[in-house]
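Structure, as structure tokens:
The values are calculated or read from the model by the stated rules, or taken from the named source; none is laboratory data. Please read all numbers here as calculations on a predicted model, not as lab measurements. In this analysis, Cβ positions are derived from the backbone assuming ideal geometry, glycine residues included, and neighbour counts consider all displayed protein chains. Accessible surface areas use protein heavy atoms only, side chains included; no ligands, DNA or RNA. Shrake-Rupley method; radii C 1.70, N 1.55, O 1.52, S 1.80 Å.
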2 protein chains.
Amino acid sequence: MNFDYLQDCMDATVNTYEKMLGNVPVVVGERYTQTGIINVHDVTALIGFNGDGLGSLLISMSQENAMKTISKFLYTELTEVDDDVLDGVEEIANIVAGAAAARFKFKTGLGLPTILLGEKQRIHGNEDAPWLFITMKTEAFGEFTLGATLKEV
Amino acid sequence: MNFDYLQDCMDATVNTYEKMLGNVPVVVGERYTQTGIINVHDVTALIGFNGDGLGSLLISMSQENAMKTISKFLYTELTEVDDDVLDGVEEIANIVAGAAAARFKFKTGLGLPTILLGEKQRIHGNEDAPWLFITMKTEAFGEFTLGATLKEV
């Protein structure tokens, strides 16, 4: 991989959060790579990249932070993780992934997003497709994890 | 959608289980459709369809049934849900999805598979992309759920 696709995903996230949510996320700590069994937060959006790049993007946050984020997105006070919250997380992930794919160095389309909900969830990353992660944070909505895996095909 | 894509996925599953695992799964009960928040089993493989069809395939089973299935697949006795089990589930899902896509009426590629692991996991299916499900079973490995969502783009 000859370009920094996580940086593209981070830039796409900053732009999307600024435009759609009025809050600019900042990076917390260093980026890290994981394969094998990977812990994720309770609410996790997964969306595939396909075309000349094959991979996935992940945005993962606590239930509380998901409610805060989507309450702002929908201009309404949401107090449980229901259909509206999960639809909202899906929409934001879709916009971020689309903006990221547009920045990639090769032609990449988007798959259908899937939202995961559960406690102590883990995903499994194949050795061939390591995930890069970074933690990001906004004052208003708290921390979330942004992850991406991508390989040229 | 003018063809029965779940049937294609079921046929692909029967073929794959017969060839790779030496066991022919049978259908348990009726197929059903779900949107919104959907319960899945502890070990769930998700793989996207893209190209002229956009969607996903899901194979979901208990941890016990995953260990039984992959023990047979790898000709070894697996007693915990580790990397090997999750890699095996991923490989089987990938073969099933590839065989299903080859049967579809329009040109469809595969995304990168993701394996989910967790207790009381749920996924969220958008109203625009309802999931079709069927429960299947083999004598040797017990029940599993096969699901698919697909729309022409």
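Some observations on this one:
- For segment B:37-65, the candidate set comprises residues that are part of a loop (DSSP other than H, G, I, E, B) and of a type outside the set (Ser, Thr, Tyr); within that set, the residue that is surrounded by the fewest Cβ atoms within 10 Å (Cβ to Cβ) is B:Asp52.
- Leading residue by the ranking (nearest to the other protein chains (Cβ to nearest Cβ)) among those in segment B:44-95 that are among the hydroxyl-bearing types (Ser, Thr, Tyr) and over 21 Å from A:Gln34 (Cβ atoms): B:Ser56
- Among the conditions (1) under 14 Å from A:Thr135 (Cα atoms); (2) open to solvent by 50 Å² or more (accessible area, probe 1.4 Å), the only one that A:Asp84 does not satisfy is (1).
- Of the residues B:Val14, B:Val28, the single one that is surrounded by fewer than 15 Cβ atoms within 10 Å (Cβ to Cβ), at pLDDT 95 or above and under 18 Å from B:Phe133 (Cα atoms) is B:Val28.
- Screening segment A:107-153 for residues that are within 12 Å of chain B (Cβ to nearest Cβ) and of a type in the set (Lys, Arg) and picking the one that is most open to solvent (accessible area, probe 1.4 Å) gives A:Lys120.
- Residue count for segment A:2-36 under the criterion of being of a type in the set (Phe, Trp, Tyr), farther than 24 Å from A:Leu117 by Cα and not in a helix (DSSP H, G or I): the result is 1.
Residues are listed down the side, and each one gets a yes or a no for (1) closer than 20 Å to A:Ala140 by Cα; (2) of a type in the set (Phe, Trp, Tyr); (3) touching a residue at least 24 places away in the same chain (Cβ under 8 Å):
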residue: A:Asp11; (1), (2), (3): yes, no, yes
residue: A:Ile38; (1), (2), (3): no, no, yes
residue: A:Leu54; (1), (2), (3): no, no, yes
residue: A:Leu78; (1), (2), (3): yes, no, no
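- Any hit, segment A:97-111, residues being within 26 Å of B:Val81 (Cβ to Cβ) and in contact (Cβ under 8 Å) with a residue 24 or more places away in the chain: yes
- Flag for B:Thr145 being closer than 19 Å to B:Gln34 by Cβ and touching a His at 6+ places or on another chain (Cβ under 9 Å): yes
- Condition check for A:Ile95 on (1) part of a helix (DSSP H, G or I); (2) buried (at least 18 other Cβ atoms within 10 Å of the Cβ): one failure, at (2).
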